[in-house]
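First comes the structure, then the notes that go with it.
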Amino acid sequence: MSQANEIVIDLALVKRLIAAQFPQWADHRIQPVESAGTDNTIYRLGEDMTVRLPRVEWAIAQVEKEHRWLPKLAPLTPLSIPTPLAMGMPAEGYPCRWSVYRWLEGENATIGRIDNPHQAATALGQFVAALQRIDPAGGPAPGPHNSGRGVPLAMRDASVRNAIATLNNMLDTDVATAAWEAALQAPVWQGKAVWLHGDLHPGNLLVEQGRLTAVIDFGTLGVGDPACDLMVAWTLLSAENRDLFRAALTVDDATWARGRGWALSFGLIAFAYYLDTNPVLAAISRRAIDEVLFEHTNGI
């Protein structure tokens, strides 16, 4: 599913890049990996590596960020996260730096069955809590590199209202607007910025043998308002498991309310954007909208 100004990447290009820059891996099989992600193109390299190449301009800066920070974060998180093995340079007509990572086994939670939702909820809460405990000194503040994940919720107001207007034939815009305005009433974060994954939804989670085992795609990594990572409570979890997720965290009512707002804003913006181009992300975002609006309508 192509986007405007998308960088053209194919198997032949990846083979040339590997052969020229990492000849020790040139004889490994290279095969494309299906993904609903929109920022990078992914290929499997041999049995235990993956090649990840930015395909849109806003993903280019993510490469160096991930190579700098993921090795520092990985030993401190209870779920597996990607491990960078090598950074490739622009070449062969490809204009960006790119990455080779250790392959992580599992299926995306969009297709892989989670046999124990209680385990998943607790594991996610423990993962978010562990990220928040890591020293954020020197970490990247929210900005274009991470689509502003972790900024004050009010900074998303215009984009959310535009999305609501776009979706006027697909949802109750009065209810959506009221739910959004309720989230905006929550007090802003006054504490220190914390580490954020920034994009916690089923497409960025891996399931193996029915258990949640890994978190992938740290392109929106940054430090900011902890509410951002709470959106997984509505993008993935059911109402009965949200309490387990919250119990694994130290979170006040205001941050929880902003987290619900992050889930709603993610859902509305992504659903409006991907409705006709990316059915997987459209389904994830629609679910987030429905979960939040149900809670709002029922006073939960």
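The values are calculated or read from the model by the stated rules, or taken from the named source; none is laboratory data. Here the structure is a predicted model, which means the values were calculated and not measured. FYI the Cβ positions are ideal-geometry reconstructions off the backbone, even for glycines, and counts take in every protein chain you see. The area values use the complete protein model at the heavy-atom level, side chains included, leaving out ligands, DNA and RNA. Shrake-Rupley method; radii C 1.70, N 1.55, O 1.52, S 1.80 Å.
Worth a mention:
- The range 153-300 shape via C-alpha gyration tensor axes, a/c threshold 1.5: rounded
- Accessible surface of the chain, 1.4 Å probe, proportion on carbon and sulfur as whole %: 52
- Whole-number D in µm² s⁻¹ for the range 160-211, Kirkwood Cα-pair radius fed into Stokes-Einstein, 20 °C, 1.002 mPa s: 147
- Cα-centre dipole for the range 1-159 with unit charges at Cβ (Lys and Arg positive, Asp and Glu negative), debye to 20: 280
- Rg [Å, one decimal], Dmax [Å, integer] - the range 35-88, C-alpha atoms: 11.9, 32
- For His201, the solvent-accessible surface with a 1.4 Å probe is about 10 Å², rounded to the nearest 10.
- Rolling a 1.4 Å probe over the protein heavy atoms gives the chain an accessible area of 45 Å² per residue.
- The magnitude of the dipole of the chain, with charges of +1 and -1 set on the Cβ of Lys/Arg and Asp/Glu and taken from the Cα centre, is near 620 debye.
- Annotation: extensible slack from Met89 through Asp253 equals 54.5 nm (criterion: 0.36 nm per residue apart, minus Cα-Cα distance).
- Of the trypsin sites (Lys or Arg not before Pro) found in the range 154-215, those in coil by DSSP whose Cβ has at most 11 other Cβ atoms within 10 Å are Lys192.
- If R0 is taken as 30 Å, the Cβ-Cβ distance between Met170 and Ile111 corresponds to a FRET efficiency of 0.75.
- Value of [θ]222 nm, deg cm²/dmol, for the chain, DSSP H segments ≥ 4, -39500 (n - 2.57) each, nearest 500: -12000 deg cm²/dmol
- Shape call, the chain: gyration tensor on alpha carbons, a/c limit 1.5: prolate
- Shown is the FRET efficiency for Glu34 and Ala141, computed with R0 = 51 Å from the Cβ-Cβ distance and rounded to the nearest 0.05: 0.95.
- Prolate/oblate/rounded label for the range 30-142 (Cα gyration tensor, a/c 1.5): oblate
- Projected label distance in nm at His67 and Ala158, using a 7 Å step from Cα toward the beta-carbon: 3.5
- Neighbourhood charge, 11 Å Cβ-Cβ cut-off, centred on Pro82 and excluding it, Lys, Arg +1 and Asp, Glu -1: 0
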